[in-house]
Amino acid sequence: MSARVLVVDDIPANVKLLEARLSAEYFDVVTACNGTQALEVAARAECDIILLDVMMPDMDGFEVCRRLKSNPATHFIPVVMVTALDSPADRVRGLEAGADDFLTKPVSDVVLIARVRSLTRLKMMTDELRMRALTSMEIGVQAPERSAVVDKGVGGRILLVDDRASSYERLAPVLAAEHSVDVEPNPAEALFHAAEGNYDLLIVSLGLESFDGLRLCSQARSLERTRQVPILAIADADANARLLRGLEIGVNDYLLRPVDKNELLARARTQIRRRRYTDHLRDNVQNSIEMAITDGLTGLHNRRYMETHLQTLAEQASNRGKALALMMLDIDFFKAVNDTYGHDAGDDVLREFAVRIRKSIRGIDLACRYGGEEFVIVMPETDMHVAGMVAERLRRAVAAEPFAIDKGTRHIEVTISIGLAALERKGEPMADVLKRADLALYRAKHDGRNRVVAAAA
């Protein structure tokens, strides 16, 4: 895995040292000698991660980090502060400025590379989601960038896994000042608890007495329901090897004992902010998919989705030797509804009709709004006889109960006409089946409406 790393430091010797270390691991390195230059490089999207010195003359690293994280165009770039400052207060200040990590000079090569790789993996995953979210903006889904830069990372749900009372009794009250905290002292139950609890952050003690904390982290990463939950590990000061192993298997961040309460809160906020941001991105992608394949008024699939999947369903039926039926439906005298009661009333009728369709068909059936007041239902593993019974049941369900319009203040009678057709031979184009169903629908309307007509074989 390669990535472009921006090294920011006003001392050339430091820049050269970091550049050599990173280049040896096949990272592409760009450099900046001051904060202003760093902001310009980041704004041009020329880096995947930033290693940022704190003590610089024109603009210190804290201010650079704040500007990066407050800009919707750059806030998603991971920032690691690399500095000689080593007090807990300095680390907290860096984390509160938005830094993703805080490494104290001299930095071990192993620790540095492990941290860069871990954050780069996260950045690449986020980039993929961001790319899809940007695409979704073209169809009206709002990108979460603006909300991300103002999110304080508080009010999260945290699961603390620690089997030492002396430890969790100190940590839990600190976290509870800003979050909802559950303590799980039984590591064997932790994974189940995490999967069921919809948590924003999992904090795991690597010093569990009765269980391997790293194995728990690995299991959380392998389980679908916890795969995206950030993990903050807490370890003893001499557990560097285990921490590095943790970063390799998916631990997002870590703290060394004794735990500084302010640093704990700062790192928790950072992880929760990131979780919310990536959740927003995933929601945007899902919404864009739904908008692309769903009719916005009725909630049924749209014509595009039906046409994409229709031939596939036909091929599956042919290959398995199964029947496949299709019904085309039209709301009778729908134009008169719009003309008499208004288009809002027409929309009410369409929405209610979609509800009654859903109640009358199976989960495997494909229901689509074909256009206007026309609908199509594709029924796998269904012959014409059964399709006729389903169609008749749906026709009766529509005619039996008036439709509410004008927010329920008025009710009108609605009927439908239905044309039926079935796949007649292996390899038959579904366009031919649709045409036969359309002709059957025409006959149903011609013969008086409010009826079901099957296409002639």
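What to note about this one:
- Rg/Rg_globular for region 1-120, with Rg_globular taken as 2.2 N^0.38 Å and Rg from C-alpha atoms: 0.94
- Pairs of Cα atoms farther than 22 Å apart, region 148-249, %: 27
- Computed from backbone phi, the HN-Hα couplings of region 162-175 come to 7, 9, 9, 4, 4, 8, 5, 6, 8, 6, 4, x, 4, 5 Hz, rounded to whole numbers (Karplus: 6.51 cos²θ - 1.76 cosθ + 1.60, θ = phi - 60°; Gly and Pro given as x).
- Radius 10 Å from Cβ of A397, net charge of other residues (Lys, Arg +1; Asp, Glu -1): +3
- Helix 343-360 and the longest principal axis of the Cα set of the chain meet at an angle near 90°.
- Principal axis dimensions, largest first and in whole angstrom, of the chain by Cα: 89, 51, 50
- Beta bridges from DSSP with both residues in region 188-328: antiparallel share about 10 percent, rounded to the nearest 5.
- Relative contact order of the chain, pairs being alpha-carbon contacts under 8 Å that are 6 or more residues apart, as %: 10
No value in this document is a laboratory result; all are computed from the given coordinates. Being a predicted model, the structure only gives us computed values, none of them experimental. Glycine gets a Cβ as well: all are built from the backbone with ideal geometry, and neighbour counts include every protein chain shown.
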